[in-house]
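Scroll down for the structure; my scribbles are underneath it.
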Amino acid sequence: MTHYIRLDVVSMVRSGYYLVFSVLFSAGFYVMFTKLFTGSGWTSAPGFAVTYMISLAVSGAFYAALTGGGIRLGEERGSGWARQLTLTPLSPRRYVLGKLLSAWLLTLPALAAIFILGALLNQVRMPAGHWALVLAATWGGSVCFAVFGVAIGLLVAGEATQFACLGVFFPMAILGGLWFPTSAFPETVRQIGEYLPTSALYRLGVTAEQGSGPVATPLLVLACWTALALLAALARLRPEALRPSG
Amino acid sequence: MTPETRQVDIRDVTFSYGAVPALAGVTLGISAGEVVALLGPNGAGKSTLTHVMLGLLTPRTGQVGLFGTRPQDAVARGLVGAMLQDTGLMRHVTVRELVGLVAAQYGRAGLTGEILDEAGLADLAARRVSRLSGGQRQRVKFALAIAGDPRLLFLDEPTAALDVEARHAFWQDILERAGRGRTIVFATHYMEEAEAYANRIIVLQAGQVVADGPARQIMSRVSDVTLRFTDPRAREEDLARLPGALRVRGDPTRADRWELVTSDQDATLSALYGASGGGVRDLEISRGSLEDVLMALAKETGRA
(Lines give C-alpha, C1' and ligand atoms only; values in the text may rest on other atoms or scores of the structure.)
Protein backbone atom coordinates (compact mmCIF):
# COMPACT_ATOMS: atom_id res chain seq x y z
CA MET A 1 0.00 0.00 0.00
CA THR A 2 2.95 2.39 0.57
CA HIS A 3 3.81 2.20 -3.14
CA TYR A 4 0.25 3.23 -3.98
CA ILE A 5 0.16 6.08 -1.44
CA ARG A 6 3.51 7.37 -2.65
CA LEU A 7 2.46 7.44 -6.31
CA ASP A 8 -0.90 8.93 -5.38
CA VAL A 9 0.73 11.81 -3.52
CA VAL A 10 3.33 12.37 -6.26
CA SER A 11 0.70 12.45 -8.98
CA MET A 12 -1.44 14.88 -6.97
CA VAL A 13 1.49 17.25 -6.47
CA ARG A 14 2.18 17.06 -10.23
CA SER A 15 -1.40 17.97 -11.06
CA GLY A 16 -1.67 21.75 -11.22
CA TYR A 17 -5.10 21.65 -9.58
CA TYR A 18 -3.84 20.61 -6.16
CA LEU A 19 -1.03 23.19 -6.01
CA VAL A 20 -3.18 26.04 -7.32
CA PHE A 21 -6.29 25.55 -5.20
CA SER A 22 -4.85 24.05 -2.03
CA VAL A 23 -1.55 25.89 -1.70
CA LEU A 24 -1.39 28.99 -3.94
CA PHE A 25 -4.99 30.02 -3.26
CA SER A 26 -4.59 30.35 0.50
CA ALA A 27 -1.05 31.72 0.08
CA GLY A 28 -2.41 34.45 -2.19
CA PHE A 29 -5.16 35.28 0.32
CA TYR A 30 -2.62 35.46 3.10
CA VAL A 31 -0.28 37.81 1.23
CA MET A 32 -3.18 39.95 0.05
CA PHE A 33 -4.70 40.58 3.47
CA THR A 34 -1.51 40.81 5.52
CA LYS A 35 0.66 42.77 3.07
CA LEU A 36 -1.57 44.73 0.69
CA PHE A 37 -4.85 45.63 2.43
CA THR A 38 -3.62 46.42 5.92
CA GLY A 39 -4.73 50.01 6.37
CA SER A 40 -7.73 49.61 8.60
CA GLY A 41 -10.52 47.34 9.79
CA TRP A 42 -10.18 43.69 10.65
CA THR A 43 -6.84 43.23 8.90
CA SER A 44 -5.13 45.81 11.12
CA ALA A 45 -5.95 44.14 14.44
CA PRO A 46 -2.89 43.30 16.57
CA GLY A 47 -1.62 39.75 16.06
CA PHE A 48 -3.59 39.43 12.83
CA ALA A 49 -0.60 38.08 10.87
CA VAL A 50 -0.44 35.13 13.28
CA THR A 51 -4.14 34.29 13.58
CA TYR A 52 -4.75 34.74 9.85
CA MET A 53 -1.76 32.48 9.17
CA ILE A 54 -3.39 29.73 11.20
CA SER A 55 -6.85 30.19 9.70
CA LEU A 56 -5.61 30.16 6.10
CA ALA A 57 -3.34 27.19 6.79
CA VAL A 58 -6.42 25.33 8.05
CA SER A 59 -8.34 26.47 4.95
CA GLY A 60 -5.61 25.20 2.62
CA ALA A 61 -5.37 21.92 4.47
CA PHE A 62 -9.14 21.49 4.28
CA TYR A 63 -9.23 21.90 0.51
CA ALA A 64 -6.10 19.76 0.07
CA ALA A 65 -7.84 16.93 1.93
CA LEU A 66 -11.04 17.37 -0.09
CA THR A 67 -9.00 17.31 -3.32
CA GLY A 68 -6.85 14.31 -2.40
CA GLY A 69 -9.56 12.32 -0.67
CA GLY A 70 -12.75 13.46 -2.32
CA ILE A 71 -12.19 14.66 -5.87
CA ARG A 72 -9.50 12.04 -6.52
CA LEU A 73 -11.54 9.16 -5.15
CA GLY A 74 -14.72 10.29 -6.91
CA GLU A 75 -12.89 10.62 -10.23
CA GLU A 76 -11.17 7.27 -9.90
CA ARG A 77 -14.43 5.56 -9.01
CA GLY A 78 -16.16 7.26 -11.92
CA SER A 79 -13.49 6.41 -14.50
CA GLY A 80 -13.15 2.75 -13.51
CA TRP A 81 -9.55 3.11 -12.34
CA ALA A 82 -10.54 2.29 -8.76
CA ARG A 83 -12.10 -0.95 -9.99
CA GLN A 84 -9.03 -1.86 -12.04
CA LEU A 85 -6.63 -1.22 -9.18
CA THR A 86 -8.70 -3.23 -6.71
CA LEU A 87 -8.75 -6.24 -9.07
CA THR A 88 -5.19 -6.76 -7.82
CA PRO A 89 -4.32 -7.99 -4.32
CA LEU A 90 -4.94 -4.39 -3.16
CA SER A 91 -8.38 -4.75 -1.60
CA PRO A 92 -11.07 -2.06 -1.92
CA ARG A 93 -10.79 -1.32 1.81
CA ARG A 94 -7.04 -0.80 1.64
CA TYR A 95 -7.46 1.27 -1.51
CA VAL A 96 -9.83 3.62 0.33
CA LEU A 97 -7.61 3.65 3.44
CA GLY A 98 -4.70 4.58 1.16
CA LYS A 99 -6.74 7.49 -0.23
CA LEU A 100 -7.42 8.63 3.35
CA LEU A 101 -3.72 8.56 4.19
CA SER A 102 -2.65 10.34 1.02
CA ALA A 103 -5.30 13.00 1.56
CA TRP A 104 -3.95 13.47 5.08
CA LEU A 105 -0.35 13.67 3.81
CA LEU A 106 -1.39 16.22 1.20
CA THR A 107 -2.58 18.61 3.92
CA LEU A 108 1.03 18.95 5.14
CA PRO A 109 2.42 21.03 2.22
CA ALA A 110 -0.65 23.28 2.37
CA LEU A 111 -0.09 23.91 6.11
CA ALA A 112 3.68 24.27 5.82
CA ALA A 113 3.50 26.74 2.91
CA ILE A 114 1.42 29.24 4.90
CA PHE A 115 3.51 28.80 8.06
CA ILE A 116 6.69 29.49 6.06
CA LEU A 117 5.09 32.56 4.48
CA GLY A 118 4.09 33.80 7.95
CA ALA A 119 7.60 33.38 9.30
CA LEU A 120 9.39 34.85 6.28
CA LEU A 121 7.00 37.56 5.12
CA ASN A 122 5.35 38.71 8.35
CA GLN A 123 8.08 37.85 10.86
CA VAL A 124 5.74 35.61 12.84
CA ARG A 125 7.86 34.49 15.79
CA MET A 126 7.17 31.94 18.51
CA PRO A 127 9.22 29.41 20.46
CA ALA A 128 10.19 26.33 18.44
CA GLY A 129 8.06 24.22 20.75
CA HIS A 130 5.01 26.29 19.88
CA TRP A 131 5.68 25.99 16.15
CA ALA A 132 5.85 22.24 16.57
CA LEU A 133 2.65 22.28 18.58
CA VAL A 134 0.83 24.43 15.99
CA LEU A 135 1.89 22.09 13.18
CA ALA A 136 1.02 18.99 15.20
CA ALA A 137 -2.39 20.35 16.17
CA THR A 138 -3.39 21.55 12.71
CA TRP A 139 -2.04 18.48 10.92
CA GLY A 140 -3.43 16.08 13.49
CA GLY A 141 -6.83 17.74 13.33
CA SER A 142 -6.73 17.62 9.52
CA VAL A 143 -7.46 13.90 9.80
CA CYS A 144 -11.05 15.06 10.17
CA PHE A 145 -10.85 16.76 6.75
CA ALA A 146 -9.27 13.68 5.16
CA VAL A 147 -12.17 11.53 6.43
CA PHE A 148 -14.57 14.16 5.07
CA GLY A 149 -12.90 13.97 1.67
CA VAL A 150 -13.08 10.18 1.51
CA ALA A 151 -16.74 10.21 2.59
CA ILE A 152 -17.60 12.65 -0.22
CA GLY A 153 -15.55 10.62 -2.70
CA LEU A 154 -17.55 7.52 -1.77
CA LEU A 155 -20.92 9.28 -1.87
CA VAL A 156 -20.41 11.13 -5.17
CA ALA A 157 -18.62 9.92 -8.30
CA GLY A 158 -17.21 11.45 -11.47
CA GLU A 159 -17.17 15.15 -12.21
CA ALA A 160 -19.90 15.84 -9.67
CA THR A 161 -17.37 15.18 -6.90
CA GLN A 162 -15.64 18.50 -7.51
CA PHE A 163 -18.90 20.40 -7.09
CA ALA A 164 -19.76 18.42 -3.99
CA CYS A 165 -16.37 19.25 -2.48
CA LEU A 166 -16.74 22.95 -3.27
CA GLY A 167 -20.26 22.83 -1.84
CA VAL A 168 -18.81 21.59 1.44
CA PHE A 169 -15.68 23.73 1.37
CA PHE A 170 -17.09 27.22 0.80
CA PRO A 171 -19.80 27.25 3.51
CA MET A 172 -17.58 25.52 6.06
CA ALA A 173 -14.62 27.83 5.38
CA ILE A 174 -16.69 31.02 5.40
CA LEU A 175 -19.06 30.16 8.28
CA GLY A 176 -16.11 28.77 10.22
CA GLY A 177 -14.48 32.21 9.94
CA LEU A 178 -11.38 31.03 8.10
CA TRP A 179 -11.39 33.82 5.52
CA PHE A 180 -13.22 36.76 7.11
CA PRO A 181 -14.33 37.54 10.65
CA THR A 182 -17.80 36.22 11.42
CA SER A 183 -18.74 39.29 13.43
CA ALA A 184 -20.85 40.60 10.56
CA PHE A 185 -23.04 37.46 10.56
CA PRO A 186 -26.29 37.17 12.55
CA GLU A 187 -25.71 35.86 16.05
CA THR A 188 -27.29 32.41 15.38
CA VAL A 189 -25.20 31.83 12.26
CA ARG A 190 -22.11 32.89 14.18
CA GLN A 191 -22.86 30.42 16.95
CA ILE A 192 -23.48 27.57 14.53
CA GLY A 193 -20.18 28.44 12.85
CA GLU A 194 -18.35 27.70 16.09
CA TYR A 195 -19.45 24.10 15.93
CA LEU A 196 -17.96 23.54 12.48
CA PRO A 197 -14.73 21.51 12.23
CA THR A 198 -13.05 24.41 10.42
CA SER A 199 -13.62 26.79 13.31
CA ALA A 200 -12.69 24.12 15.86
CA LEU A 201 -9.37 23.37 14.20
CA TYR A 202 -8.59 27.08 13.89
CA ARG A 203 -9.20 27.59 17.62
CA LEU A 204 -7.05 24.56 18.39
CA GLY A 205 -4.24 26.06 16.29
CA VAL A 206 -4.49 29.43 18.06
CA THR A 207 -4.38 27.68 21.45
CA ALA A 208 -1.23 25.85 20.36
CA GLU A 209 0.36 29.11 19.26
CA GLN A 210 -0.44 30.87 22.53
CA GLY A 211 0.47 27.90 24.67
CA SER A 212 -2.86 27.94 26.51
CA GLY A 213 -6.54 28.22 25.77
CA PRO A 214 -9.67 26.13 25.12
CA VAL A 215 -8.91 22.58 24.03
CA ALA A 216 -11.77 20.36 25.17
CA THR A 217 -14.59 21.89 23.12
CA PRO A 218 -12.71 22.12 19.78
CA LEU A 219 -11.42 18.57 20.22
CA LEU A 220 -14.90 17.29 20.95
CA VAL A 221 -16.33 19.14 17.93
CA LEU A 222 -13.61 17.68 15.67
CA ALA A 223 -14.13 14.18 17.08
CA CYS A 224 -17.88 14.36 16.45
CA TRP A 225 -17.47 15.50 12.83
CA THR A 226 -14.80 12.88 12.22
CA ALA A 227 -17.06 10.16 13.60
CA LEU A 228 -19.97 11.40 11.50
CA ALA A 229 -17.93 11.43 8.27
CA LEU A 230 -16.43 8.05 9.14
CA LEU A 231 -19.88 6.53 9.58
CA ALA A 232 -21.00 7.94 6.22
CA ALA A 233 -17.88 6.53 4.57
CA LEU A 234 -18.23 3.09 6.16
CA ALA A 235 -21.89 2.91 5.22
CA ARG A 236 -20.88 3.42 1.57
CA LEU A 237 -17.86 1.11 1.62
CA ARG A 238 -19.54 -1.97 0.16
CA PRO A 239 -17.73 -4.37 -2.19
CA GLU A 240 -19.46 -2.87 -5.22
CA ALA A 241 -18.74 0.72 -4.13
CA LEU A 242 -15.80 1.05 -6.51
CA ARG A 243 -17.73 0.18 -9.67
CA PRO A 244 -17.92 3.10 -12.13
CA SER A 245 -21.71 3.10 -11.86
CA GLY A 246 -21.73 2.39 -8.11
CA MET B 1 -13.12 -32.19 -15.39
CA THR B 2 -12.75 -32.70 -11.67
CA PRO B 3 -13.64 -29.99 -9.17
CA GLU B 4 -9.96 -29.79 -8.11
CA THR B 5 -8.75 -28.56 -11.49
CA ARG B 6 -11.68 -26.21 -11.91
CA GLN B 7 -10.68 -22.58 -11.68
CA VAL B 8 -14.10 -21.13 -12.41
CA ASP B 9 -17.23 -22.78 -11.07
CA ILE B 10 -20.56 -21.11 -11.72
CA ARG B 11 -23.91 -22.65 -10.87
CA ASP B 12 -27.38 -21.38 -11.76
CA VAL B 13 -26.33 -17.76 -11.69
CA THR B 14 -28.95 -15.12 -12.39
CA PHE B 15 -28.48 -11.38 -12.40
CA SER B 16 -30.59 -8.40 -13.37
CA TYR B 17 -30.10 -4.66 -13.57
CA GLY B 18 -33.22 -3.50 -11.80
CA ALA B 19 -36.03 -5.16 -13.74
CA VAL B 20 -33.85 -5.92 -16.79
CA PRO B 21 -32.59 -9.52 -16.65
CA ALA B 22 -28.96 -9.90 -17.78
CA LEU B 23 -28.14 -13.48 -16.79
CA ALA B 24 -30.91 -16.08 -16.78
CA GLY B 25 -29.44 -19.16 -15.13
CA VAL B 26 -25.83 -19.71 -16.21
CA THR B 27 -23.91 -22.82 -15.19
CA LEU B 28 -20.36 -23.46 -16.35
CA GLY B 29 -16.95 -24.62 -15.23
CA ILE B 30 -13.57 -23.63 -16.60
CA SER B 31 -10.43 -25.68 -15.99
CA ALA B 32 -6.75 -24.81 -15.85
CA GLY B 33 -5.17 -24.16 -19.23
CA GLU B 34 -8.35 -23.59 -21.20
CA VAL B 35 -8.68 -20.69 -23.61
CA VAL B 36 -12.37 -19.85 -23.52
CA ALA B 37 -14.24 -17.40 -25.72
CA LEU B 38 -17.48 -15.94 -24.43
CA LEU B 39 -19.15 -15.25 -27.73
CA GLY B 40 -22.37 -13.37 -28.22
CA PRO B 41 -23.92 -10.22 -29.63
CA ASN B 42 -23.94 -6.95 -27.69
CA GLY B 43 -26.23 -7.22 -24.70
CA ALA B 44 -26.01 -11.03 -24.51
CA GLY B 45 -24.57 -10.86 -20.97
CA LYS B 46 -20.85 -11.35 -21.66
CA SER B 47 -19.68 -8.38 -19.60
CA THR B 48 -22.14 -9.10 -16.82
CA LEU B 49 -20.94 -12.69 -16.64
CA THR B 50 -17.31 -11.52 -16.56
CA HIS B 51 -18.11 -9.09 -13.73
CA VAL B 52 -19.92 -11.81 -11.79
CA MET B 53 -16.94 -14.15 -12.18
CA LEU B 54 -14.64 -11.43 -10.82
CA GLY B 55 -16.88 -10.74 -7.84
CA LEU B 56 -17.64 -7.21 -9.06
CA LEU B 57 -21.33 -8.02 -9.24
CA THR B 58 -23.13 -10.19 -6.72
CA PRO B 59 -25.52 -12.57 -8.47
CA ARG B 60 -29.16 -12.52 -7.46
CA THR B 61 -29.17 -16.31 -7.16
CA GLY B 62 -26.63 -19.07 -7.69
CA GLN B 63 -23.01 -19.65 -6.71
CA VAL B 64 -19.76 -18.30 -8.06
CA GLY B 65 -16.40 -19.80 -7.14
CA LEU B 66 -12.87 -19.04 -8.30
CA PHE B 67 -10.13 -21.52 -7.31
CA GLY B 68 -12.56 -23.01 -4.81
CA THR B 69 -13.08 -19.74 -2.93
CA ARG B 70 -15.01 -16.51 -3.29
CA PRO B 71 -13.90 -14.39 -6.27
CA GLN B 72 -12.73 -11.62 -3.90
CA ASP B 73 -10.41 -14.06 -2.11
CA ALA B 74 -8.93 -15.34 -5.37
CA VAL B 75 -8.34 -11.72 -6.45
CA ALA B 76 -6.74 -10.94 -3.08
CA ARG B 77 -4.39 -13.93 -3.52
CA GLY B 78 -3.17 -12.50 -6.83
CA LEU B 79 -4.49 -15.41 -8.89
CA VAL B 80 -6.55 -13.25 -11.22
CA GLY B 81 -5.89 -10.51 -13.75
CA ALA B 82 -8.49 -8.61 -15.72
CA MET B 83 -8.85 -6.23 -18.60
CA LEU B 84 -12.31 -4.72 -18.61
CA GLN B 85 -14.11 -2.22 -20.77
CA ASP B 86 -14.55 1.39 -19.59
CA THR B 87 -11.42 1.36 -17.48
CA GLY B 88 -9.91 4.76 -16.87
CA LEU B 89 -6.28 5.09 -15.90
CA MET B 90 -4.63 7.06 -13.12
CA ARG B 91 -3.70 10.62 -14.10
CA HIS B 92 -0.41 12.53 -13.95
CA VAL B 93 1.74 9.38 -13.97
CA THR B 94 3.96 7.73 -16.57
CA VAL B 95 3.34 4.35 -18.15
CA ARG B 96 6.24 2.87 -16.17
CA GLU B 97 4.94 4.27 -12.87
CA LEU B 98 1.46 2.94 -13.49
CA VAL B 99 2.52 -0.55 -14.55
CA GLY B 100 5.05 -0.57 -11.68
CA LEU B 101 2.28 0.30 -9.21
CA VAL B 102 0.12 -2.62 -10.29
CA ALA B 103 3.10 -5.01 -10.49
CA ALA B 104 4.00 -4.01 -6.92
CA GLN B 105 0.58 -5.16 -5.68
CA TYR B 106 1.54 -8.67 -6.84
CA GLY B 107 5.04 -8.34 -5.37
CA ARG B 108 6.54 -8.05 -8.86
CA ALA B 109 7.68 -4.41 -8.94
CA GLY B 110 11.18 -5.60 -9.91
CA LEU B 111 9.79 -7.13 -13.11
CA THR B 112 8.20 -3.92 -14.40
CA GLY B 113 10.69 -3.68 -17.28
CA GLU B 114 9.85 -7.20 -18.48
CA ILE B 115 6.10 -6.52 -18.23
CA LEU B 116 6.49 -3.37 -20.33
CA ASP B 117 8.43 -5.37 -22.92
CA GLU B 118 5.77 -8.08 -23.07
CA ALA B 119 3.02 -5.52 -23.65
CA GLY B 120 5.07 -3.71 -26.30
CA LEU B 121 5.36 -0.59 -24.17
CA ALA B 122 9.13 -0.36 -23.75
CA ASP B 123 9.31 2.74 -25.98
CA LEU B 124 6.43 4.42 -24.17
CA ALA B 125 7.61 3.77 -20.60
CA ALA B 126 8.42 7.41 -19.86
CA ARG B 127 5.29 8.83 -21.48
CA ARG B 128 2.49 10.35 -19.41
CA VAL B 129 -0.60 8.17 -19.50
CA SER B 130 -2.74 11.15 -20.56
CA ARG B 131 -0.69 11.50 -23.79
CA LEU B 132 -1.40 7.99 -25.10
CA SER B 133 -3.49 7.10 -28.14
CA GLY B 134 -6.47 4.78 -27.86
CA GLY B 135 -4.49 1.75 -29.00
CA GLN B 136 -1.61 2.59 -26.67
CA ARG B 137 -4.00 2.91 -23.73
CA GLN B 138 -5.41 -0.50 -24.60
CA ARG B 139 -1.87 -1.93 -24.46
CA VAL B 140 -1.36 -0.31 -21.05
CA LYS B 141 -4.56 -1.95 -19.82
CA PHE B 142 -3.28 -5.26 -21.11
CA ALA B 143 0.01 -4.68 -19.27
CA LEU B 144 -1.96 -4.05 -16.05
CA ALA B 145 -3.90 -7.29 -16.54
CA ILE B 146 -0.75 -9.39 -16.99
CA ALA B 147 1.39 -7.50 -14.45
CA GLY B 148 0.86 -10.23 -11.87
CA ASP B 149 1.30 -13.10 -14.39
CA PRO B 150 -2.07 -14.34 -13.11
CA ARG B 151 -3.12 -17.97 -13.42
CA LEU B 152 -6.54 -16.84 -14.67
CA LEU B 153 -6.87 -13.92 -17.06
CA PHE B 154 -10.17 -12.24 -17.97
CA LEU B 155 -10.30 -10.08 -21.08
CA ASP B 156 -13.49 -8.22 -22.00
CA GLU B 157 -13.43 -7.22 -25.71
CA PRO B 158 -9.63 -6.95 -25.49
CA THR B 159 -8.82 -5.99 -29.09
CA ALA B 160 -11.47 -3.30 -29.46
CA ALA B 161 -9.11 -0.36 -30.01
CA LEU B 162 -6.17 -2.25 -31.54
CA ASP B 163 -4.98 -2.09 -35.15
CA VAL B 164 -4.21 -5.25 -37.10
CA GLU B 165 -0.55 -5.42 -36.13
CA ALA B 166 -1.19 -4.82 -32.44
CA ARG B 167 -4.01 -7.37 -32.54
CA HIS B 168 -1.63 -9.98 -33.92
CA ALA B 169 1.03 -9.25 -31.27
CA PHE B 170 -1.67 -9.35 -28.60
CA TRP B 171 -2.90 -12.82 -29.57
CA GLN B 172 0.65 -14.12 -29.90
CA ASP B 173 1.23 -13.14 -26.28
CA ILE B 174 -2.07 -14.67 -25.16
CA LEU B 175 -1.30 -17.96 -26.91
CA GLU B 176 2.16 -18.02 -25.32
CA ARG B 177 0.54 -17.60 -21.90
CA ALA B 178 -1.93 -20.36 -22.65
CA GLY B 179 1.03 -22.53 -23.64
CA ARG B 180 2.43 -22.03 -20.14
CA GLY B 181 -0.79 -23.36 -18.65
CA ARG B 182 -2.44 -20.01 -17.93
CA THR B 183 -6.22 -19.95 -18.24
CA ILE B 184 -7.70 -17.30 -20.52
CA VAL B 185 -11.34 -16.21 -20.64
CA PHE B 186 -12.16 -13.57 -23.24
CA ALA B 187 -15.42 -11.99 -24.26
CA THR B 188 -15.86 -11.05 -27.90
CA HIS B 189 -18.47 -10.48 -30.53
CA TYR B 190 -15.99 -11.30 -33.30
CA MET B 191 -16.67 -14.87 -34.36
CA GLU B 192 -13.31 -15.01 -36.19
CA GLU B 193 -11.43 -14.24 -32.96
CA ALA B 194 -13.30 -16.88 -31.03
CA GLU B 195 -12.69 -19.46 -33.76
CA ALA B 196 -9.01 -18.62 -34.27
CA TYR B 197 -7.79 -18.35 -30.68
CA ALA B 198 -10.12 -20.21 -28.33
CA ASN B 199 -10.11 -23.94 -27.81
CA ARG B 200 -13.55 -23.69 -26.26
CA ILE B 201 -16.44 -21.43 -27.20
CA ILE B 202 -19.34 -20.55 -24.94
CA VAL B 203 -22.11 -18.85 -26.89
CA LEU B 204 -24.32 -16.51 -24.89
CA GLN B 205 -27.63 -15.13 -25.99
CA ALA B 206 -30.13 -13.20 -23.88
CA GLY B 207 -28.31 -14.14 -20.69
CA GLN B 208 -28.23 -17.87 -21.37
CA VAL B 209 -25.59 -20.31 -22.56
CA VAL B 210 -26.93 -21.53 -25.92
CA ALA B 211 -23.84 -23.53 -26.86
CA ASP B 212 -20.71 -24.66 -25.04
CA GLY B 213 -18.04 -26.91 -26.47
CA PRO B 214 -14.75 -27.24 -28.34
CA ALA B 215 -14.34 -24.43 -30.85
CA ARG B 216 -14.27 -26.81 -33.84
CA GLN B 217 -17.44 -28.52 -32.76
CA ILE B 218 -19.34 -25.28 -32.24
CA MET B 219 -18.26 -23.88 -35.58
CA SER B 220 -19.02 -27.08 -37.50
CA ARG B 221 -22.57 -27.03 -36.17
CA VAL B 222 -22.98 -23.95 -38.25
CA SER B 223 -22.07 -25.44 -41.56
CA ASP B 224 -23.88 -22.98 -43.81
CA VAL B 225 -21.43 -21.34 -46.18
CA THR B 226 -22.06 -18.68 -48.80
CA LEU B 227 -20.40 -19.16 -52.21
CA ARG B 228 -20.13 -16.22 -54.60
CA PHE B 229 -18.89 -16.80 -58.14
CA THR B 230 -19.12 -15.77 -61.75
CA ASP B 231 -20.44 -18.26 -64.33
CA PRO B 232 -21.96 -16.92 -67.57
CA ARG B 233 -23.36 -20.35 -68.54
CA ALA B 234 -25.08 -21.25 -65.23
CA ARG B 235 -28.87 -21.26 -64.85
CA GLU B 236 -30.64 -20.64 -61.56
CA GLU B 237 -32.68 -23.86 -61.59
CA ASP B 238 -29.56 -25.97 -62.21
CA LEU B 239 -27.67 -24.31 -59.37
CA ALA B 240 -30.58 -24.87 -56.98
CA ARG B 241 -30.40 -28.63 -57.70
CA LEU B 242 -26.72 -28.93 -56.68
CA PRO B 243 -26.14 -31.18 -53.62
CA GLY B 244 -26.27 -29.20 -50.38
CA ALA B 245 -27.61 -26.05 -52.01
CA LEU B 246 -30.11 -24.19 -49.82
CA ARG B 247 -30.67 -20.90 -51.65
CA VAL B 248 -29.55 -19.36 -54.91
CA ARG B 249 -29.68 -15.71 -55.80
CA GLY B 250 -28.62 -13.91 -58.92
CA ASP B 251 -26.83 -10.59 -58.66
CA PRO B 252 -29.39 -7.99 -59.83
CA THR B 253 -26.62 -5.84 -61.33
CA ARG B 254 -24.71 -8.62 -63.14
CA ALA B 255 -26.43 -11.48 -64.94
CA ASP B 256 -23.41 -13.85 -64.62
CA ARG B 257 -22.80 -13.34 -60.86
CA TRP B 258 -24.32 -15.80 -58.36
CA GLU B 259 -24.71 -16.19 -54.64
CA LEU B 260 -25.34 -19.70 -53.34
CA VAL B 261 -25.84 -20.75 -49.70
CA THR B 262 -24.92 -24.37 -48.99
CA SER B 263 -24.99 -26.68 -46.02
CA ASP B 264 -22.27 -28.89 -47.55
CA GLN B 265 -19.65 -26.84 -49.32
CA ASP B 266 -17.50 -29.80 -50.40
CA ALA B 267 -20.35 -31.58 -52.19
CA THR B 268 -21.66 -28.37 -53.73
CA LEU B 269 -18.26 -27.24 -54.95
CA SER B 270 -17.29 -30.57 -56.47
CA ALA B 271 -20.64 -30.78 -58.29
CA LEU B 272 -20.41 -27.15 -59.35
CA TYR B 273 -16.99 -27.59 -60.96
CA GLY B 274 -18.03 -30.90 -62.51
CA ALA B 275 -21.25 -29.53 -63.99
CA SER B 276 -20.10 -26.18 -65.24
CA GLY B 277 -17.33 -27.45 -67.48
CA GLY B 278 -14.81 -24.94 -66.25
CA GLY B 279 -17.02 -21.86 -66.46
CA VAL B 280 -16.73 -20.90 -62.77
CA ARG B 281 -14.57 -17.83 -62.08
CA ASP B 282 -13.80 -15.55 -59.12
CA LEU B 283 -15.04 -17.92 -56.42
CA GLU B 284 -15.43 -16.44 -52.92
CA ILE B 285 -16.32 -18.52 -49.90
CA SER B 286 -17.58 -16.88 -46.74
CA ARG B 287 -18.72 -18.26 -43.45
CA GLY B 288 -21.95 -17.20 -41.86
CA SER B 289 -21.99 -14.19 -39.53
CA LEU B 290 -22.43 -14.40 -35.77
CA GLU B 291 -26.12 -13.72 -36.36
CA ASP B 292 -26.29 -16.78 -38.64
CA VAL B 293 -24.58 -18.88 -35.96
CA LEU B 294 -27.05 -17.73 -33.34
CA MET B 295 -29.99 -18.40 -35.62
CA ALA B 296 -28.71 -21.89 -36.40
CA LEU B 297 -28.17 -22.62 -32.70
CA ALA B 298 -31.59 -21.25 -31.82
CA LYS B 299 -33.17 -23.51 -34.43
CA GLU B 300 -31.29 -26.50 -32.99
CA THR B 301 -32.27 -25.84 -29.38
CA GLY B 302 -35.80 -24.80 -30.23
CA ARG B 303 -35.31 -21.26 -28.92
CA ALA B 304 -36.15 -18.86 -31.68
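The values are calculated or read from the model by the stated rules, or taken from the named source; none is laboratory data. These numbers come from a predicted model, not from an experiment. A quick note on method: Cβ atoms are made from the backbone with ideal geometry, for glycine too, and the neighbour counts reach across all protein chains shown. We work out accessible area using only protein heavy atoms, side chains counted, and drop any ligands, DNA or RNA first. Shrake-Rupley method; radii C 1.70, N 1.55, O 1.52, S 1.80 Å.
Brief remarks follow.
- In terms of its alpha-carbon gyration tensor, the stretch A:127-246 comes out prolate; a/c meets the 1.5 threshold, and the first ratio a/b outweighs b/c.
- Label-to-label distance, nm, for residues given as A:A119 and B:Q172 (7 Å Cα→Cβ offset): 5.9 nm
- FRET efficiency estimate (nearest 0.05) - Cβ-Cβ, A:V13 to A:V189, R0 60 angstrom: 0.95
- Residue mean of other protein chain beta carbons inside 10 Å, B:239-245: 0
- Residue separation of A:L237 and A:K35 scaled by 0.36 nm, minus their Cα-Cα distance, works out to 68.2 nm of gained length.
- Heavy atoms of A:I54 accessible to a 1.4 Å probe, total area in Å² rounded to 10: 0 Å²
- For the protein assembly as shown, diffusion coefficient by Stokes-Einstein and Kirkwood Rh (Cα), 25 °C, 0.890 mPa s, µm²/s: 90 µm²/s
- Residue ranking by accessible heavy-atom surface, 1.4 Å probe, largest first, among B:R216, B:R241, B:R235 comes out as B:R216, B:R241, B:R235.
- Pairs of Cα atoms nearer than 8 Å and 6+ residues apart set the relative contact order; for chain A it is 26 percent.
- Model label zone, B:R77; criterion: amide N under 16 Å from point 7 Å along Cα-to-beta-carbon; scope the stretch B:6-49: B:6-10, B:30-33
- Percent of Cα-Cα distances greater than 32 Å, calculated over chain A: 20 percent
- Within the stretch B:239-263: backbone nitrogen closer than 17 Å to the B:D282 label point (7 Å, Cα to C-beta): B:249-260
- Contour excess over end-to-end distance, with Cα ends at B:R127 and B:D251 and 0.36 nm allotted per residue: 39.4 nm
- Semi-axis lengths, largest first, of the ellipsoid equivalent to the stretch B:225-287 are 15, 13, 11 Å, with √(5λ) applied to each eigenvalue of the Cα gyration tensor.
- Residue of B:L162, B:L269, B:L54 that the Gaussian network model of chain B assigns the largest fluctuation, springs spanning Cα pairs under 10 Å: B:L269
- Within a Gaussian network of chain B (alpha carbon springs, distance under 10 Å), most fluctuating of B:T48, B:T112, B:T61: B:T61
- Solvent-accessible area buried by A and B, counting both chains, probe 1.4 angstrom, square angstrom: 2400 Å²
- Accessible area per residue, Å², the stretch B:225-287 with all protein chains present, probe 1.4 Å: 60 Å²
- B:E291-B:A24 FRET efficiency (beta carbon distance; Förster radius 22 Å; 0.05 resolution): 0.60
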